[in-house]
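The values are calculated or read from the model by the stated rules, or taken from the named source; none is laboratory data. All values derive from a computational prediction rather than experimental measurement. Reconstructed Cβ throughout: ideal geometry from the backbone, glycine too, with neighbour counts over all protein chains shown. Each accessible area value is taken on the protein alone, full model and side chains, heavy atoms only, with ligands, DNA and RNA left out. Shrake-Rupley method; radii C 1.70, N 1.55, O 1.52, S 1.80 Å.
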Amino acid sequence: MGLMSFALGTCCYTSTYRPPYMICKATINNNNHALEAAYIRRAAELADKSAGFTSPHPNFGCVIATSSGHVAGEGYLYAQGTKPAELQAIESAGAWSRRATAYVNLEPGDCHGDHTAVSALVQAGISRVVVGMRHPLQHLRGNAVRALRSQGVQVDVLGEDLKSKIIEEARKTCLLVNAPIICRSALRVPFSVLKFAMTLDGKIACSSGHASWISSKKSRSRVFELRGRSDAIIVGGNTVRRDNPQLTARHGGGHMPVRIVMSQTLDLPEEANLWDLSEVSTIVVTQRGARRSFQKLLASKGVEIVEFDILNPREVMEYLHDRGCLSVFWECGGTLSASAISSGVIHKVFAIVAPKIIGGKNAPSPVGELGMVEMTQALDLIDVCYEQVGPDMFVSGFLQPLPDVTPVIPSVDETFAIDPTVTPHESSIIFFYKTWDPHGSFSNFSHHPIQMPDENGDYATWLSVEHYYQAQKFVGVDDPLAWECVENIKSAKSPEEAARIGRSIQRQQPDLLLGNVIKCKARPFERTHTFSFNMRRRDRIFSLLFRFLL
């Protein structure tokens, strides 16, 4: 099950293709809006197939339709680094692509200046592209639309060039299928889904604490699929102690999200399934200073420990945002669920209601105390969906509406007040050491690898932006020690380790630094630029970004 249920009505897609006999008109009349909407919904449905695999990128789908109304080709972005959805659809359509219309759920937004998708559409002879929504990231938004129009391709954007009630519903499917990146880019926290299974009388376990199994086997298989759509799964200490979960995405066909345990006291068992890292890693987040000896025990097993001055869901979500997480799946008990909801970090709820009654005055419920004393204070779900899975009922809905797709960045006036020589949208801010990286992350510590050109123009892979940033301090220095520093930083196992190495060498051997000019190559959409920053100007830009990102 995706972020929503897609229904394409009675629209039929036949495999019998015929050559187009007319070019689609620039202005589509209302009678054709239903067909336009159906193609866009189909593109969104295709895009949803890759949820979890493309992170931190959006989900892309493409449908190629001839002017006679037949679908000639389809495609979707399967995972990072794979062939773009548009190119797949064009290859599937073959010669029928010429003078056809391409329907995409999202404006193409290739990273690192790679405009394969746009080039493929132009070279295939596509005469018109219908875009479900513009790209949610500001530095990519509108680039593909302008590039296609500059090549003579007609581009219509839902809600802008095409408007009607049915068109707006189709646009909504495009928003929902990429809700994670929309929420992350606008709110600067990962998209969070709270899932729980309860009995008909609202219990998640018996009074004794026994909870296996409330839902059916079919429902549990669906949960595996939902897990596979996320970057991380969060549970609390009570869940670890009571259920000893594995939290894998087995049988779901998705990738394996990292497992996260939130515990203030670290009152956790020494032996648990989550400490087995043979399949997937585990991170324990806790209060600073909690059970140092137990922290060492977990670290010896390979478990990563992250301490917070004050442990709460909001702080943890902001931290995971900085690490590049796009979507988080919460499978915790009532206490932590209530805390997460109160913190405003839960965006969607999946409730599995089993046709069982267990009673019990002290039996736990899925959400703890929220401080509400009247029904008028109840939180209403938005866009509620119902689906029967085996004997159980799946109820899902949003706790808050999707935010504006435009990320928050400094305004022109605010930027000018800090540094009159800098404008917020110039490439030096957007691309400066990838401080605003291609995935909408505002941190160099995003755990997603990046590719950057070396001195010869060849692209090299770095484990994180921080690896690249620290290494650039020493690149170009004609000294074997500097070369060794670069290699040590590049091979560091984490962004934090890369930062420690770079900063330590900078303090101990400042003579190895490149100097007062740093060169950085980037590849914007239209062309490749090499721009240099004077160190003072670099510091002003970095201060500007840092001030607005806190």
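Decide, for the stretch 201-265, between rounded, prolate and oblate: order the square roots of the alpha carbon gyration tensor eigenvalues as a ≥ b ≥ c, take rounded if a/c falls under 1.5, and otherwise choose prolate if a/b is larger than b/c, else oblate.
oblate
So, with +1 on the Cβ of K and R and -1 on the Cβ of D and E, and no other charges, what is the size of the charge dipole of the stretch 94-206 about its Cα centre, to the nearest 20 debye?
80
Ignoring ligands, DNA and RNA, what percent of the 1.4 Å accessible area of the stretch 255-340 is carbon and sulfur?
46
Scan around residue 194 for amide H atoms under 5 Å from its own, H built in the peptide plane at 1.01 Å from N, and keep only partners 5 or more places away or cross-chain.
Correct list: 330, 347, 348, 349, 350.
How much area per residue is accessible in the stretch 243-295 when the probe is 1.4 Å and only protein heavy atoms are counted (Å²)?
I get 47 Å² per residue for this part.
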